[in-house]
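The values are calculated or read from the model by the stated rules, or taken from the named source; none is laboratory data. The model shown is predicted, which means the values in this text are computed figures rather than measured ones. Cβ sites come from the backbone with ideal geometry, for glycine too, and all protein chains shown count toward neighbours. Ligands, DNA and RNA are stripped out before the accessible areas are found, and what is left, the full protein with its side chains, is counted by its heavy atoms. Shrake-Rupley method; radii C 1.70, N 1.55, O 1.52, S 1.80 Å.
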Amino acid sequence: MTNAPGAPDAASEPHTTGHPAVTRLYPRLVVSDGARAIDFYRETLGAEEIERYTGPDGTIVHAMLRLGGAAIAVKDTDTGDPAPTSLGGSPVIMALDVPDADAVAEAMLRGGATVVYPVADQHYGQRGGRLADPFGHLWMISQTIEDLTPEQIQERTTDQFTS
């Protein structure tokens with residue numbers, strides 16, 4: 001993450017709020033087959049593998065992937081970290097802003113994802129949908145098709161629920 005020109009680096013600023021400073025945040029996806037999941041994210045989302053650490057049996061203990069300007073970690077399930085498939089799903093939704101929601105959804109479907117909500121034009125100015133990857137993680141795919149103000153989005157959302 002870069003700061004605006006002339007803005008101080010957050011890591012070098014003294015922390016005066018009384019709260020611990022967060023220097024990095026990324027999701028860590030627990031999956032039933034780490035190597036296959038890494039391949040899926042590379043092939044369908046264009047992820048770049050940055051690092052990978054394995055246990056003696058070859059299981060993924062930690063792998064870091066870059067997706068655009070974001071990072072995600074992947075690890076194999078174990079007794080301390082269950083995969084969503086063993087829990088009946090996940091309440092967390094990974095949100096992706098993309099230039100072509102249909103193309104990303106198609107790539108994910110070819111890789112074994114399933115449709116939760118089909119890609120369609122949405123009332124809030126986005127074209128998008130939701131897919132579940134083969135490892136139980138949910139992905140909201142969206143592209144901007146109409147620039148709306150927050151007030152316009154709120155108005156359309158209200159209309160959506162009162163119509």
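Quick notes
- Criterion (modelled with pLDDT of 95 or more, at positive phi and open to solvent by 30 Å² or more (accessible area, probe 1.4 Å)) met by exactly one of Gly88, Gly6, Gly46, Gly18: Gly46
- Among the residues of segment 94-125, those identified as assigned to a strand (DSSP E or B), under 17 Å from the mean Cα position of the chain (by Cα) and farther than 27 Å from Pro82 by Cβ are Asp97, Val119.
- Residue match in segment 30-40 (condition: surrounded by fewer than 12 Cβ atoms within 10 Å (Cβ to Cβ) and assigned to a strand (DSSP E or B)): no
- Cβ-Cβ contacts under 9 Å between residues 6 or more apart (or on different chains), taken from a first residue in segment 78-98 that is touching a residue at least 60 places away in the same chain (Cβ under 8 Å) to a second residue that is surrounded by 14 or more Cβ atoms within 10 Å (Cβ to Cβ) and assigned to a loop (DSSP other than H, G, I, E, B), are listed as Val92/His137; Met94/Asp133; Met94/His137.
- Cross-chain or 6+ apart pairs with Cβ under 9 Å, segment 34-56 first and within 14 Å of Ala70 (Cα to Cα), then of a type in the set (Lys, Arg): Ala47/Arg66; Glu48/Arg42; Glu48/Arg66; Glu49/Arg42; Glu49/Arg66; Ile50/Arg66
- Restricting attention to segment 55-69, the residues that are within 18 Å of Phe135 (Cβ to Cβ) and either among the small types (Gly, Ala, Ser) or open to solvent by 80 Å² or more (accessible area, probe 1.4 Å) (or both) add up to 2.
- Residues of segment 112-125 that turn out to be touching a residue at least 24 places away in the same chain (Cβ under 8 Å) and either over 20 Å from Ala73 (Cα atoms) or surrounded by fewer than 18 Cβ atoms within 10 Å (Cβ to Cβ) (or both), as a count: 5
- Filtered by the rule that a residue be hydrophobic (A, V, I, L, M, F, W, C) and under 24 Å from Ile153 (Cα atoms), segment 106-137 gives Val116, Val119, Ala120, Leu131.
- Residue, nearest to Thr77 (Cα to Cα), within segment 141-163, restricted to residues that are open to solvent by less than 50 Å² (accessible area, probe 1.4 Å) and hydrophobic (A, V, I, L, M, F, W, C): Ile141
- In the set Leu138, Leu131, Leu109, only one residue is open to solvent by less than 30 Å² (accessible area, probe 1.4 Å), without any contact (Cβ under 8 Å) to a residue 60 or more places away in the chain and touching a strand residue (DSSP E or B) at 6+ places or on another chain (Cβ under 8 Å); that residue is Leu131.
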